[in-house]
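Novice: Structure provided below as structure tokens; questions to follow.
Derivation of every value follows stated rules applied to the coordinates shown; laboratory data play no part. Note that this is a predicted model, so its numbers are computed, not measured. Cβ: placed from backbone, ideal geometry, glycine included. Neighbour counts: every protein chain shown.
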Amino acid sequence: MKIIIAKNYEEMSQKAAEIFEDAIQKNPKIVLGLATGSTPVGMYEHLAEAHAKRGLDFSGVQSFNLDEYVSLAPEHPQSYHYFMNENLFSKVNIQKENTHFPAYNEEKPEESGARYDEAIEEAGGIDLQVLGIGQNGHIAFNEPAEQLSVATGLVTLTQSTIAANSRFFDRVEDVPKQAISSGMGTILKARKIVILASGADKKDAVAKLLDGTKVTTQWPVTLTLLHPDVTLIVDEAAAGK
Ligand code: F6R
């Protein structure tokens, strides 16, 4: 794991955006794995700026988001569709049909996600994946547990994640209880992974990565220690410095 310690959120975002900009320039048909949440917002801002100022071209780029809530319509301001549109897609020239989100299959809930993993395979696999980390070490919505799912599918959010995500909703009761999340296998199949973490509340999860000696499903992000090409970009607060 390559480790980059940035001074603050801004520097973390900039370094992450540089990696993405470079990768898109080298491969204009790149398949990106994207995350929502507060962590990648700054990186998306830099990428939008790279498009506006330097003409960074997203017209051949495909994207697969990590997750989406089950009960929110794509137009809902807290849905991840909406988030991506607001923070990146509407600001660059990505083609809407090239952007993908996992979807809930109402008729066969247990099959929700299977089609998504196939679509990723059909696109040639994810070349570059960005990940944020939950305070509890989750990635996508793979919450700490004795067992973690390999494939993309339906997940029930833990109380700690519902509490953490309630900052985006008027009331904690409004936070959806279920989501479709990329599985650990789906994430670990990406050719390159960039993990971002900013702020002292990510310190415990980041410490497990910095230690680097053990993997455990109780801190799902530690499974990325098994991946051959991971760059961790953390600010000083998240690094515990
Ligand atoms: C979002 C996602 C989540 C977040 C994590 C951190 O697509 O998959 O795992 O990356 O919850 O969220 P923030 O960045 O808001 O601290």
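Novice: Quick one: dipole size for the stretch 11-82, taken about the Cα centre, charges +1 on Lys/Arg Cβ and -1 on Asp/Glu Cβ, in debye to the nearest 20.
Specialist: The calculated dipole for the stretch 11-82 is roughly 220 debye.
Novice: With both partners inside the chain, how many of the DSSP beta bridges are antiparallel, as a percent to the nearest 5?
Specialist: 25
Novice: Around GLY42, with a cut-off of 15 angstrom between Cβ atoms, what is the net charge of the other residues, counting Lys and Arg +1 and Asp and Glu -1?
Specialist: Every neighbour counted, the sum reads -4.
Novice: Could you put ILE30, ILE24 in order, starting from the residue whose Cβ has the fewest other Cβ atoms within 10 Å?
Specialist: By the 10 Å Cβ count, ascending, the order reads ILE30, ILE24.
Novice: Bin by bin, in steps of 5 Å, what percent of the Cα pairs in the stretch 93-169 do you find, going until the bin that has the longest distance?
Specialist: P(r) for the stretch 93-169, in whole percents per bin: 3, 11, 18, 22, 21, 16, 7, 1, 0.
Novice: Specify the inter-centroid distance of the stretch 173-198 and the stretch 79-147, based on alpha-carbon positions, in whole Å.
Specialist: 7
Novice: Quick one: net charge of ALA17's neighbours, Cβ under 14 Å, K/R +1, D/E -1?
Specialist: -3
Novice: Taking a quarter of the surface of the convex hull around the Cα atoms of the stretch 1-150, what do you get in nm²?
Specialist: 10.1
Novice: Ok, one more. Within the stretch 130-164, list the residues whose amide N lies under 19 Å from a label point set 7 Å along Cα→Cβ of LEU210.
Specialist: 132-138
Novice: Measuring from label point to label point, each 7 Å out along Cα→Cβ, what is the ASP170 to GLU236 span in nm?
Specialist: Once both label points are built, they end up 4.1 nm from each other.
Novice: For the residues ILE5, ILE187, ILE94, what sequence is obtained by ranking on other C-beta atoms within 10 Å, fewest first?
Specialist: Listed from fewest to most nearby Cβ atoms, that is ILE5, ILE94, ILE187.
Novice: Could you calculate the FRET efficiency of ASN8 with ARG54 from 1/(1 + (r/R0)^6), where r is the beta carbon distance between them and R0 is 25 Å, rounded to 0.05?
Specialist: E between ASN8 and ARG54, to the nearest 0.05, is 0.60.
Novice: From Cα coordinates alone, what are the radius of gyration and Dmax values for the stretch 105-241 in angstrom?
Specialist: Computed over the Cα atoms of the stretch 105-241, radius of gyration and Dmax are 15.3, 49 Å.
Novice: At 15 angstrom or more along the helix axis (alpha-carbon based) and mean Kyte-Doolittle of -1.0 or higher, what helices does the chain contain? Whole DSSP H runs only.
Specialist: 9-26, 41-54
Novice: Check the straight Cα-Cα distances from LYS203 and name the lysines below 29 Å, setting aside those fewer than 8 residues away within the same chain.
Specialist: Within the straight-line cut-off, LYS203 pairs with LYS2, LYS7, LYS15, LYS177, LYS189, LYS192, LYS214, LYS241.
Novice: Shape of the stretch 59-99 from its Cα gyration tensor (a ≥ b ≥ c, root eigenvalues): rounded if a/c is under 1.5, otherwise prolate when a/b > b/c, or oblate? All intermediate terms of the calculation are to be shown ahead of the outcome.
Specialist: On the way: a/c = 2.62, a/b = 1.72, b/c = 1.53.
Prolate, since a/c reaches 1.5 and a/b exceeds b/c.
Novice: Using alpha-carbon pairs under 8 Å, 6+ residues apart, how would you state the relative contact order of the chain in percent? Present the calculation step by step, with values, prior to reporting the outcome.
Specialist: Values: 501 pairs, mean separation 61.9, N = 241.
Worked out over the chain, it gives 26 percent.
Novice: What is the sum of charges around LEU232, taking Lys and Arg as +1, Asp and Glu as -1, for the other residues whose C-beta is under 13 Å from the C-beta of LEU232?
Specialist: Computed value for this residue: +2.
Novice: With an 8 Å cut-off on Cα pairs and a minimum separation of 6 or more residues, tell me the relative contact order of the stretch 1-95 in percent.
Specialist: 29
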